[in-house]
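Have a look at the structure below before the remarks.
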Amino acid sequence: MVQRRIPKIKDLAPLMKFKSPEFNARKRRLAAALTIADLRAIAQKRTPKAAFDYTEGAAEAEISLGRARQAFEDIEFHPSILRDVSTVSTGWDVLGGPVAQPFGIAPTGFTRMMQTEGEIAGAHAAARAGIPFALSTMGTTSIEDVKAANPSGRNWFQLYMWKDRDRSMALVDRAAKAGFDTLLVTVDVPVAGARLRDKRNGFSIPPALTLGTVVNALPRPEWWINFLTTEPLAFASLDRWSGTVADLLDTMFDPTVDFEDLAWIKAQWPGKVVVKGVQNLQDAKRLVDLGVDGITLSNHGGRQLDRAPIPFHLLPQVAREVGAHTEVHLDTGIMSGADIVASVALGARFTMIGRAYLYGLMAGGEAGVDRTIQILSEQVSRTMRLLGVNSLEELNPGHVTQLARLMPVAAPMVASAEAVPARKAPVRKAPVRGAPVREAPVRTAAAPKQSVRASTAVTGTPVKRAPKKATPTA
């Protein structure tokens, strides 16, 4: 029989240690966020619908974005055991300069619309973390102000080529003079994608104060107070605009830009050039021939062509084919440090976070961006330790299996002239009395054989890393 006794105070004391209360509401809610999904939930509560949906949404049915995120979920890691992982290094050289983590902050437009601290918050956080910060052509902070916020860090400028070439190159010249070390030329926006959430919300610059907007804003007074009592929203690189985002993009962006234009842009820039928006191997090879320093596999976060290729699925083949000649970077769909580690293992030299950064910004301003970087950095380090590796150089395709849900029915056609001949109708033979009627099977192009478990496994082969190069002076 169990013998009971009255507990003594000295026995209870070790069990009754309480955490000191945190009276700062921002610190309290950010400390409670353990994942990027947690930050997203906070951001949604604190941001008006139109602004949140601009960050959250993608093109048309948003299939591309969903598939990109699913691809990261559909991986299997292969850890090694009994390795000394007491220390781990998460940094290396990217585009000739050191980074503390294999990820950086992607260029995002209309950033101060999401939260009034905008790009300055991102630049400050990036400087503290030792990672690059990329400023968008459609950013809401000037090139010079971003440089002032991150004076000794890695600043990249993302370029959209406009119909007014002189204005575009004037921005490039300003970025070079300010000391930005890398030019990100984005090539997947000949026209604006159909971002239906923005159309349904009437999203415009500046925001339209409809009855619905006002009602949606009532539980979010802090956002409106910040928006109305700080500098009016304007773009760092163009005049104020009154209209929808899609109208702005279609008015500005040049659909005639080609490889010759890209070569011309490259000749104007003194630093590194990375082409963002690559979505097939053939284009990647052509860009290597052009001599670019890096390519970013990206479908623009699913915001342009819906049902576009999944960058993470393209990664192993592209890294094998061109990774020894240029750096391969990746974005779209990254929501955890495990996603980043898997990308590096399959050949990416670097990854970029867009929505994850904005969720942190909306959740808590600059402190929220710090929390985003902290969450991802801890996840990167922990995943590497659990895989049994001490450095990014040790990661390789043997650490990751891509489990594919979507497999092509047949190889894609190279040209319309190679169309498959028309199928003949099934031949029906006269039946033998009393025998069942059988039809000849219709033969179609056979899909390649796959190794199947619960789903199809796709693995890569070891990838040569791009050689480390010295950073040129701007």
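Structure note, pairs 27/272; 199/266; 17/45; 19/45: Cα-Cα distances above 30 angstrom occur for 27/272; 199/266; 17/45.
Given their separation in residues at 0.36 nm each and the Cα-Cα distance between them, residue 128 and residue 393 gain 93.0 nm when the chain is fully extended.
Summary of packing: across the peptides 45-52, 332-339, the per-residue average of other C-beta atoms within 10 Å ranks them, highest first, as 332-339, 45-52.
Heavy atoms of the protein chains alone define the surface here; on that basis the range 51-152 has 33 Å² accessible area per residue at 1.4 Å probe size.
Please report, as a whole percent, how much of the solvent-accessible surface of the range 54-135 comes from carbon and sulfur atoms (probe radius 1.4 Å). Answer for the range 54-135 is 52 percent, counting heavy atoms of protein chains only. Accessible surface for residue 373 stands near 10 Å², nearest 10, in the context of the full protein assembly shown (1.4 Å probe).
Name the residues of the range 277-304 whose amide N is less than 13 Å from a point 7 angstrom out from the Cα of residue 263 along the C-beta direction? Counting backbone N atoms under 13 Å from the label point, the list is 286-292. When the solvent-accessible area of the range 1-41 is split by element, carbon and sulfur atoms take up 62 percent of it, the probe being 1.4 Å. Counting heavy atoms of the protein chains alone, residue 27 has an accessible area of about 120 Å² for a 1.4 Å probe. If R0 is 35 Å, what FRET efficiency do you get for residue 407 and residue 382 from their C-beta distance, rounded to 0.05? The value I calculate is 0.65. A full extension of the chain between residue 27 and residue 9 corresponds to an added length of 3.1 nm, given 0.36 nm per residue minus the alpha carbon distance. Residue-normalised convex hull volume from the C-alpha trace of the range 97-199: 116 Å³ per residue.
Averaged per residue, the range 270-341 has 30 square angstrom of accessible surface, using a 1.4 angstrom probe with ligands and nucleic acids left out. Note on the range 126-207: dipole from Cβ charges, positive end direction compared against 169, 136, 151; the farthest Cα belongs to 136.
Sequentially through the range 278-286, phi angles give Karplus couplings (6.51, -1.76, 1.60; θ = phi - 60°) of 6, 9, 7, 5, 4, 5, 4, 5, 5 Hz, Gly and Pro residues having no value and appearing as x. Phi angles of the range 91-99 translate, via the Karplus equation with coefficients 6.51, -1.76, 1.60 and θ = phi - 60°, into HN-Hα couplings of x, 6, 8, 10, 6, x, x, x, 10 Hz per residue; Gly and Pro are given as x.
The values are calculated or read from the model by the stated rules, or taken from the named source; none is laboratory data. All values derive from a computational prediction rather than experimental measurement. Note that we place each Cβ from the backbone using ideal geometry, even for glycine, and neighbour counts take in every protein chain shown. Note: accessible area is taken over every heavy atom of the protein model, side chains too, but ligands, DNA and RNA are not part of it. Shrake-Rupley method; radii C 1.70, N 1.55, O 1.52, S 1.80 Å.
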